[in-house]
Amino acid sequence: MSEKPVESLSEGEAAEELKRLAAEIAEHDRRYHTEDAPTISDAEYDALARRNLAIEARFPDLVRADSPSRRVGAPPAEGFAKVRHAVPMLSLAKAYTDQDVADFIERGRRFFDRDKDLDIAFTAEPKIDGLSASLRYENGVFVQGATRGDGAVGEDITANLKTIADIPKKLQGSGWPETIEIRGEVYMTYAEFEALKQRSAAVGGQDYVNPRNTAAGSLRQKDPSVTASRNLKFFAYAWGYTTADPAPTQYDSVQKFREWGFKVSPLMVRAKSIDELIAHYHRIEEQRSSLGYDIDGVVYKVDQLELQRRWGFVTGEPRWAVAHKFPAEQAMTTVERIDIQVGRTGTLAPVARLAPVTVGGVVVENVTLHNEDYIKGFDSSGQPIRDGIDVRIGDTVVIQRAGDVIPQIVSVVIDKRPANAVPYEFPHTCPVCGSPATREINEKTGKEDSRRRCTGELICAAQAVERLRHFVSRGALDIEGLGAENIDLFFNSGLVKTAADIFTLKDRRPAVTRALAERREEQAKLREEASGKTRKNVRSVEERNYEGLDKLFAAIDARREPELDRFIFALGIRHIGETTAAVLARQFSTIEELIRVGKETAKAEDPHTVFPSINGIGDTVINALRDFFGNERNDDVLDSLLAQVHPKPYVMEISAGSEVSGKTVVFTGTLEKMTRSEAKAMAERLGAKVAGSVSAKTDLVVAGPGAGSKLKVASDLGIEVIDEDTWLQRIGRGG
């Protein structure tokens with residue numbers, strides 16, 4: 001995030017900052033709401049949102065259509081039917097200090113023209129950290145349930161919600177409206193979370209990160225029996241569309257929910273002053289660690305529904321409610337050792353192993369140290385963190401679960417540092433395969449990357465699974481039926497360790513059948529445990545056959561002669577994306593020639609004396625090729641692969657007579673009918689040259705939505721600009 005104060009920003013800087021914040025916050029929304037896998041803490045997210053609001057307040061004319069202040073949540077995930085909410089599910093404004101709460105109450109008094117002595121009643125209740133859900137009841141019967149999604153449209157998860165015991169299938173008591181959407185939070189208790197982690201560890205399953213993400217992921221299961229096995233909970237606290245108000249006030253309405261069979265928070269109270277609200281906030285904060293589930297603040301709402309309606313809404317949130325967030329919980333512990341893990345892309349990731357300590361109801365034993373600069377006390381830009389104090393084995397450290405999700409070290413207690421504690425020496429070789437681990441130089445900035453990466457590539461076991469997944473992915477060999485799940489299964493079963501092994505799976509059909517059968521058996525047992533039903537006439541593993549196996553083997557055989565650019569991309573050489581792979585294929589024509597030049601380049605003292613000058617290929621790519629082809633242990637892996645796979649020589653098919661032949665074309669903005677790489681390849685086949693920037697040599701600019709500075713440069717230079725549809729018509733692909 002930019003450190004420049006908002007009040008010092010120029011209008012141009014503010015516009016750029018708002019553009020960056022819109023994209024960054026949208027990405028974090030997607031990770032949190034759709035993937036259930038946030039990568040920053042709540043506090044860091046809130047800081048981004050506050051900065052966005054502050055800039056918009058100072059420059060109201062710059063507010064973007066895609067501003068985070070106008071958006072709630074994230075688009076619904078694929079795979080579930082969409083549900084449009086009759087009444088949008090909005091987010092809440094945030095308060096971080098007592099003064100923020102006082103300002104909220106004062107705004108209400110001013111709006112209603114109330115004297116300070118004539119207080120407005122409020123409710124105060126814990127803010128549960130789970131997944132919001134809306135439950136539609138018609139004539140007392142639960143008929144549909146949905147996630148919040150982007151606030152306007154959510155995912156239909158009715159079948160999964162019906163497995164939650166806290167959600168009544170039929171409302172109890174009487175007095176409920178003909179139609180009502182009950183809203184609340186689905187969550188997982190600490191006890192259930194720990195039990196699930198233990199069950200998963202026992203069978204070598206996934207490692208669950210935290211209760212909130214696990215609850216959200218459990219609700220998005222395709223198999224409701226999996227959801228049922230997670231023992232999720234639900235608190236009701238609000239409603240959306242209704243044919244009649246449950247009661248005249250917020251508090252009495254929620255108590256009605258209790259009568260109808262819902263669980264509601266026992267910590268909800270009424271209050272008539274800021275002192276009462278703040279006092280209850282601190283009472284809940286004190287009880288937080290003993291509740292047995294995650295909460296991240298206290299929500300205050302105007303109690304009278306008539307006043308709520310009068311006060312109304314601003315974009316994306318009600319004026320009559322605010323969420324008073326808790327600060328991150330902290331605890332003190334010691335660093336027992338520092339381990340180096342090798343990620344699936346070769347990054348060496350240091351992890352501090354801590355003396356176990358409870359923070360926010362969760363036992364923390366490990367915390368990431370990110371990279372060697374972080375250990376030394378500096379961030380990726382070279383700025384000091386933790387007052388520039390490094391982390392050493394034996395140190396006493398203060399940790400917190402940032403946003404109650406990600407444990408992190410916030411400070412080192414230097415007074416308690418042992419006399420024999422020495423600075424940590426970060427390894428320069430991969431602890432898994434022994435290959436050199438290097439820090440790359442950014443070609444644009446000239447700065448050293450803060451991450452150290454293993455250069456072992458094909459021979460590094462830690463990177464094997466990710467490389468295998470990449471090898472069969474859509475842009476690479478695109479082997480149908482061999483997705484991530486099957487790659488993981490075959491790797492863990494010892495059937496596939498290198499890409500060459502994929503092409504010999506057919507020769508080991510019995511072992512493949514057994515691996516698939518055992519996985520299916522394991523899944524069936526889990527469903528059986530969840531449902532309490534026992535299967536009958538269970539066939540033995542040997543008796544099972546899989547019709548899809550022949551289809552899988554046929555799909556593998558169909559990729560034994562891939563296009564050269566796809567094969568180069570499939571190798572997973574660092575910095576070699578689809579576009580660069582296509583450039584290399586055009587330049588070298590055969591895999592044998594690329595290997596020859598790559599090996600000679602690796603041996604040369606100056607790679608530029610061997611490697612040809614190629615437009616679009618810089619030192620970063622050349623060095624990546626040197627590392628790959630210069631590692632002799634990659635030779636055996638590559639030889640084994642080429643014994644099974646025979647990439648086709650690259651043949652450039654150019655339509656010299658096309659309208660764009662010989663012209664320089666630039667694509668900018670979002671292309672809606674093809675990817676950028678598809679557009680580039682198509683243009684080059686027609687004899688055009690595709691450039692990355694607009695200059696006086698440019699003949700044509702193809703502009704899609706979101707086109708920026710390139711469009712202006714083209715206009716200034718008088719260069720022809722057309723849209724995607726016109727481009728397709730011009731090259732004979734329109735209509």
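Observations, loosely collected:
- For region 122-194, the equivalent ellipsoid derived from the alpha-carbon gyration tensor has semi-axes of 21, 16, 15 Å in decreasing order.
- Scattering profile of region 616-720 at q = 0.10, 0.16, 0.21 Å⁻¹ [log10 I(q)/I(0), Debye over alpha-carbon scatterers]: -0.46, -0.86, -1.09
- Expressed in units of 2.2 N^0.38 Å, where N is the residue count, the Cα radius of gyration of region 330-455 is 1.09.
- Across all Cα pairs in region 664-730, the calculated P(r) in 10 Å bins from zero up to the longest distance comes to 23, 61, 17 percent per bin.
- For K551, a cut-off of 19 angstrom between C-alpha atoms picks up these lysines, skipping any fewer than 8 places away in its own chain: K506.
- Annotation note: trypsin sites (Lys or Arg not before Pro) in region 383-445 located in DSSP loop regions with a Cβ neighbour count of at most 10 within 10 Å are K444.
- Positive-end residue, the chain charge dipole about Cα centroid, Cβ charges, pick of T698, S715, I295: I295
- On the beta carbon distance between A355 and A524, with R0 = 30 Å, the FRET formula returns roughly 0.15.
- Two-decimal Rg/Rh across the chain, once Rg and the Kirkwood Rh are taken from alpha-carbon atoms: 0.99
- In order along region 490-496, phi translates into HN-Hα couplings of 5, 5, 5, 8, x, 7, 10 Hz, rounded to whole numbers, per the Karplus curve 6.51 cos²θ - 1.76 cosθ + 1.60 with θ = phi - 60° and x for Gly and Pro.
- Counted over all Cα-Cα pairs of region 92-224, pairs farther apart than 24 Å make up 51 percent.
- Relative intensity of region 564-644 on a log10 scale, I(q)/I(0) at q = 0.25 Å⁻¹, equals -1.43, per a Debye sum over C-alpha point scatterers of equal strength in the absence of solvent.
- Residue order, fewest to most beta carbons within 10 Å, for M682, M332, M268: M332, M682, M268
- With R₀ fixed at 41 Å, the C-beta to C-beta distance from A279 to Q383 puts the FRET efficiency at about 0.55.
- Helix 509-531 axis versus longest C-alpha principal axis of the chain: approximately 0°, rounded to the nearest ten.
- On Cα atoms only, tilt of 591-603 relative to the major axis of the chain in degrees: 90
- The angle between the Cα long axis of helix 274-287 and the main principal axis of the chain comes to about 60°, on a 0 to 90 degree scale.
- Both numbers refer to the Cα atoms of region 161-273; Rg and Dmax are 16.7, 53 Å.
- Distance (nanometres) between label positions extended 7 Å along Cα→Cβ at K697 and T590: 3.1
- Qualifying GluC sites (Glu not before Pro) in region 149-252, DSSP loop, other Cβ atoms within 10 Å at most 14: E178
- Two-site label geometry, R730 and N492: point separation in nm, points 7 Å out along Cα→Cβ: 5.2
- Radius ratio Rg over Rh of region 327-399, counting only Cα atoms, Kirkwood formula for Rh: 0.98
- The helix-based estimate of mean residue ellipticity at 222 nm for the chain, built from -39,500 (n - 2.57) per DSSP H run of four or more residues and divided by its residue count, is -10500 deg cm²/dmol to the nearest 500.
- Taking 0.36 nm per residue of separation and subtracting the Cα-Cα distance, full extension of the segment from H608 to Q172 would add 149.1 nm.
- For region 394-438, the Stokes-Einstein estimate of translational diffusion at 25 °C and a viscosity of 0.890 mPa s comes to 184 µm²/s, using the Kirkwood hydrodynamic radius over alpha-carbon pairs.
- Difference of contour (0.36 nm per residue) and Cα-Cα distance, A484 to D156: 115.5 nm
- Within straight-line reach of K416, meaning a Cα separation under 26 Å, sit the following lysines at least 8 residues removed in sequence or on another chain: K376.
- For K4 and I441, a Förster radius of 45 Å and the Cβ-Cβ distance give a FRET efficiency of 0.95, rounded to the nearest 0.05.
- Residues W176, W727, sorted so that the one with the fewest Cβ neighbours within 10 Å comes first: W176, W727
- Pairs of C-alpha atoms in region 93-325 farther apart than 29 Å represent 31 percent of all such pairs.
- Size of electric dipole in the chain: Cβ of Lys, Arg +1 and of Asp, Glu -1, about Cα centre, debye, nearest 20: 1500
- Pairs beyond 30 Å (Cα-Cα), from K82/K170; K19/K663; K4/K447: K19/K663
- Aspartates and glutamates whose Cα lies under 19 Å from that of K689, excluding same-chain neighbours fewer than 8 positions away: D565, E578, E653, E659, E678, D699, E720, D723, E724
Every number here is computed from the coordinates shown, using simple stated rules; none is lab data. Treat the numbers as computed from the prediction; the structure is a model and nothing was measured. Cβ: placed from backbone, ideal geometry, glycine included. Neighbour counts: every protein chain shown.
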